[in-house]
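Colleague: Below are the structure tokens for one structure; questions will follow.
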Amino acid sequence: MRLVAVSAGLSTPSSTRLLADRLAEAARGDLAAQGHEVQVDVIELRELAVAVANNLVTGFPAPQLAAAIDAVTGAHGLIAVTPVFTASYSGLFKSFFDLIDPDALTGKPVLVAATGGTARHSLVLEHALRPLFAYLRAAVVPTAVYAASEDWGSGGDEYTEGLPARIRRAATELAALVAARPADETPDDDVAALERQLSDLRFD
């Protein structure tokens with residue numbers, strides 16, 4: 001099985017990349033515990049920024065960008081992580097997914113996540129990221145993960161789960177969808193199976 005994590009962080013090091021790595025490792029570990037061999041690839045969009053801009057203008061992807069698009073569309077599961085800019089996903093993040101065929105992610109299990117400086121931006125997960133992938137007819141897992149600056153190193157409290165717990169929950173949901181999806185399932189089969197797979201998820 002192949003998991004691909006897309007990180008739209010712009011700095012090095014990046015909290016966006018760190019969150020992508022933690023989510024990918026948690027999902028990989030969950031699938032490995034079920035007996036699956038898992039390959040994890042991380043795509044850093046900052047390295048493709050010029051190629052993405054050129055593709056938007058010319059309509060032709062450079063080889064490195066084409067390989068990244070193929071990796072995303074060919075993955076068994078996708079983790080998409082963006083920093084929050086002006087209360088939404090970054091322009092680079094949106095531009096990259098604008099280059100993907102609208103039908104290429106149909107039924108694909110997707111975990112969405114975001115990073116930001118304050119918890120006040122956490123609704124970006126529901127008003128921007130989830131609608132984007134719903135439009136692309138992906139199977140977005142129920143738990144989305146937002147990491148504000150204060151979440152790093154926090155274990156949560158009696159009212160809220162800490163970041164590590166949210167990462168584990170979201171990764172478990174992604175692993176369940178990936179494991180339940182037959183490797184040879186066609187896009188039409190994906191649409192028919194999507195509601196069944198999501199309804200089968202039961203987590204305490």
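The values are calculated or read from the model by the stated rules, or taken from the named source; none is laboratory data. These numbers come from a predicted model, not from an experiment. Neighbour counts are summed over all protein chains in view; Cβ atoms, including those assigned to glycine, are modelled from backbone coordinates with ideal geometry. Calculation scope for accessible area: heavy atoms of the full protein, side chains included, ligands and nucleic acids excluded. Shrake-Rupley method; radii C 1.70, N 1.55, O 1.52, S 1.80 Å.
Colleague: From largest accessible area down, sort THR118, THR82; use a 1.4 Å probe on the protein chains.
Modeller: THR118, THR82
Colleague: Excluding ligands and nucleic acids, what accessible area in Å² is computed for GLU150 using a 1.4 Å probe, to the nearest 10?
Modeller: Answer for GLU150: close to 110 Å² accessible.
Colleague: I would also like to ask the following. Could you give me the ³J(HN,Hα) list for region 122-131, computed from phi with Karplus coefficients 6.51, -1.76, 1.60 and θ = phi - 60°, whole Hz, x at Gly and Pro?
Modeller: Using θ = phi - 60°, the values come out as 5, 5, 4, 4, 8, 9, 10, 5, 4, x Hz.
Colleague: In the chain, which helices (entire DSSP H runs) extend 20 Å or more along their own long axis, judged by Cα positions, while averaging at least 0.5 on the Kyte-Doolittle scale?
Modeller: Correct list, ordered by number: 163-180.
Colleague: Based on DSSP H runs of at least 4 residues, each adding -39500 (n - 2.57), what is the mean residue ellipticity at 222 nm of the chain after dividing by all its residues, to the nearest 500 deg cm²/dmol?
Modeller: -13500 deg cm²/dmol, from helical runs alone.
Colleague: When the dipole is taken about the Cα centre of region 85-133, and only Lys, Arg (+1) and Asp, Glu (-1) are charged at their Cβ, what size is it in debye, to the nearest 20?
Modeller: The calculated dipole for region 85-133 is roughly 200 debye.
Colleague: Would you mind telling me the share, in percent, of accessible area of region 2-198 contributed by carbon and sulfur at probe 1.4 angstrom?
Modeller: Here it works out to 54 percent.
Colleague: Related question: Hey, got the dipole for the chain? About the Cα centre, +1 on K and R Cβ, -1 on D and E Cβ, debye to the nearest 20?
Modeller: The dipole magnitude comes to about 380 debye.
Colleague: With every protein chain left in place, what is the accessible area per residue of region 2-198 in square angstrom, probe 1.4 Å?
Modeller: That works out to 46 Å² for each residue.
Colleague: Using the alpha carbons of the chain, what is the convex hull volume per residue in cubic angstrom, as a whole number?
Modeller: 122 Å³
Colleague: Of ARG46, ARG169, which has the most accessible area with a 1.4 Å probe, and how do the rest follow in descending order?
Modeller: Of ARG46, ARG169, the descending order of accessible area is ARG46, ARG169.
Colleague: Would you mind calculating the relative contact order of region 2-198 from Cα pairs under 8 angstrom and at least 6 residues apart, reporting the percent as a whole number?
Modeller: 23 percent
Colleague: Could you tell me what percent of the DSSP beta bridges with both partners in the chain are antiparallel, to the nearest 5?
Modeller: Restricted to the chain, the bridges split so that about 10 percent are antiparallel.
Colleague: Here is a follow-up. Which residue, ILE69, ALA5, GLY91, has the largest displacement toward the positive end of the dipole of region 2-198 when charges sit on each Cβ (Lys, Arg +1; Asp, Glu -1)?
Modeller: About the Cα centre, the residue reaching furthest to the positive side is GLY91.
Colleague: If r is the Cβ-Cβ distance from ASP101 to VAL42 and R0 is 25 Å, what FRET efficiency results, to the nearest 0.05?
Modeller: 0.70
Colleague: Collect residues whose amide H, placed 1.01 Å from N in the peptide plane, falls under 5 Å from the amide H of VAL42; neighbours closer than 5 in sequence don't count.
Modeller: The answer is ALA5.
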